[in-house]
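The values are calculated or read from the model by the stated rules, or taken from the named source; none is laboratory data. The structure presented is a predicted model; accordingly, all values stated were derived computationally and were not measured. So basically every Cβ, Gly included, is an ideal-geometry build from the backbone, and we count neighbours across all protein chains shown. The protein model used for the area step is the full one, side chains on, heavy atoms only, and it has no ligands, DNA or RNA in it. Shrake-Rupley method; radii C 1.70, N 1.55, O 1.52, S 1.80 Å.
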Amino acid sequence: MTSIDLPDIDLPDIDLHCHSTASDGTLTPAELVRAGAAAGLDVMAITDHDTTGGWAEAAAARPEGMRLVRGAELSCRWHGAEPAIPLHLLAYLFDPAEPVLAAKLAGLREDREQRGERIVAKLRADGVPITWEEVYGYAAGGSVGRPHIAQALIRAGLVKTTNEAFESAWLGARYFVPKSDLDVFDAVRTVREAGGVVVFAHPRATKRGRVVPDELITALAEAGLFGLEADHEDHSPAERAQIRALAQRLGLVVTGSSDFHGTHKTVQLGAFKTDPEMYEKIVSAATGVPVLG
Ligand code: AMP
Ligand code: FE
Ligand code: FE
Ligand code: ZN
């Protein structure tokens, strides 16, 4: 084991959770992989919400020497609480052509559009001067998300930042409309059947809302969940430690990632990283598509 006190001069820098304009990031997939290389990353994953739409462009632009893990972040829900709790699963290295998973992703994207239109209609009913056409334009063919609506609210001068747009007076509560989402157990099974590996994204992010109990994570581990994202900006140091302990108890890997979204968030590429041993376990478990590079 290496000491955590030593600088990791020889260890690869691995960031396994990054968004592009294929969903709610602000860098195109090509810009994203170039920015990753410029930030010194040796391995990066593209994990747009509910889509593999950025994979081809990211692969084509991948700088020499940087490895690219193709993935997605799936919108899921656990129905064991009332009301059901939304959560995100990171799916890595699955076959994008596997028809069951591809159809589910397409359904999620379609639902995101309908839900976006409903949020815009609610805002307009209160006199907010934004349109669905404007929001849809910001999404530019990618998965529509609330950050695109936030962008319209900023343009209209109603809020100054994306964070402010997520406060309860706006998209956080007053103008919140839920997505339909995948049942979390169905999502784990479907990704595995497509040859992918599943890591629970920011599982303890209490600042985003309700989080699921350890019992659910235990049940998901039995259903084929492979890892937990521990190091993430939305986790406190205590939450990170709890996740590590739980992962160890359940035999799951832990990851660390930036969840980079370009200027829709302040976090930078490589702000949190994944241990190479954990990364190797993820790669070894996947059978859908290879890592590129
Ligand atoms: P949606 O997927 O449409 O429900 O929108 C949530 C997305 O907005 C998540 O992917 C977040 O990464 C992003 N986001 C950006 N800023 C915030 C914020 N302050 N609170 C929650 N989500 C945020
Ligand atoms: Fe996002
Ligand atoms: Fe997420
Ligand atoms: Zn994310």
- Item | Meets criteria (within 16 Å of ligand 3 (Cβ to nearest atom), outside any loop (DSSP other than H, G, I, E, B) and either farther than 28 Å from PRO83 by Cα or of a type in the set (A, V, I, L, M) (or both)) for LEU101 | no
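Name the residues in segment 262-278 that are outside any loop (DSSP other than H, G, I, E, B) and either under 11 Å from HIS19 (Cα atoms) or in contact with a Ser or Thr (Cβ under 8 Å, 6 or more places away or on another chain) (or both), would you? Give the derivation first.
Taking segment 262-278 first, the residues outside any loop (DSSP other than H, G, I, E, B) are 262-264, 276-278.
Across segment 262-278, the qualifying residues are GLY262, THR263, HIS264, MET278.
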- Within segment 172-191, residues part of a loop (DSSP other than H, G, I, E, B), modelled with pLDDT of 95 or more, surrounded by 15 or more Cβ atoms within 10 Å (Cβ to Cβ) and not aromatic (Phe, Trp, Tyr) come out as GLY172, VAL177, ASP181
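Does any residue of segment 19-41 turn out to be assigned to a strand (DSSP E or B) and out of contact with any Lys or Arg (no Cβ under 6 Å at 6 or more places or on another chain)? Can you show your working first?
From segment 19-41, those assigned to a strand (DSSP E or B) are none; that's our starting set.
The answer is no; no qualifying residue exists.
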- Query: Do you know which residues across segment 92-120 are open to solvent by 30 Å² or more (accessible area, probe 1.4 Å) and of a type in the set (A, V, I, L, M, F, W, C)?
  - Reply: ALA97, VAL100, ALA102, ALA103, ALA106
- Query: Under 8 Å by Cβ, and 6 or more places apart or on different chains, what pairs join a residue from segment 76-97 that is more than 15 Å from ARG204 (Cα to Cα) with one that is among the aromatic types (Phe, Trp, Tyr)?
  - Reply: ALA84/TRP78; PRO96/TRP55
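Counting only residues that are within 20 Å of the chain's Cα centre (by Cα) and assigned to a loop (DSSP other than H, G, I, E, B), how many does segment 144-160 have?
To start, the set of residues in segment 144-160 that are within 20 Å of the chain's Cα centre (by Cα) comprises 144-151.
Add one more test, that the residue is assigned to a loop (DSSP other than H, G, I, E, B), and what stays is 144-145.
Here the count works out to 2.
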- Task: Go through segment 203-226 residue by residue and tally those that are open to solvent by 60 Å² or more (accessible area, probe 1.4 Å) and out of contact with any strand residue (DSSP E or B) (no Cβ under 8 Å at 6 or more places or on another chain).
- Result: 5
- Within segment 238-261, can one find any residue that is in contact (Cβ under 8 Å) with a residue 12 or more places away in the chain, outside any loop (DSSP other than H, G, I, E, B), among the hydroxyl-bearing types (Ser, Thr, Tyr) and away from ligand 3 (no atom under 16 Å from the Cβ)? no
- Residue, nearest to SER20 (Cα to Cα), within segment 123-155, restricted to residues that are touching an Asp or Glu at 6+ places or on another chain (Cβ under 9 Å) and surrounded by fewer than 21 Cβ atoms within 10 Å (Cβ to Cβ): TYR136
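With respect to ALA194, determine if the residue is open to solvent by less than 10 Å² (accessible area, probe 1.4 Å), under 24 Å from PHE260 (Cα atoms) and touching a residue at least 12 places away in the same chain (Cβ under 8 Å).
Considered against the rule, which asks whether it is open to solvent by less than 10 Å² (accessible area, probe 1.4 Å), under 24 Å from PHE260 (Cα atoms) and touching a residue at least 12 places away in the same chain (Cβ under 8 Å), ALA194 comes out as no.
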- Message: I'd like to verify a number: residues in segment 43-69 that are farther than 22 Å from GLY256 by Cα, away from ligand 1 (no atom under 16 Å from the Cβ) and under 16 Å from the mean Cα position of the chain (by Cα), how many?
- Response: 0
- Please go through segment 43-91 and pick out each residue that is crowded, with 19+ Cβ neighbours inside 10 Å, in a loop (DSSP other than H, G, I, E, B) and away from ligand 2 (no atom under 16 Å from the Cβ). ARG62, MET66
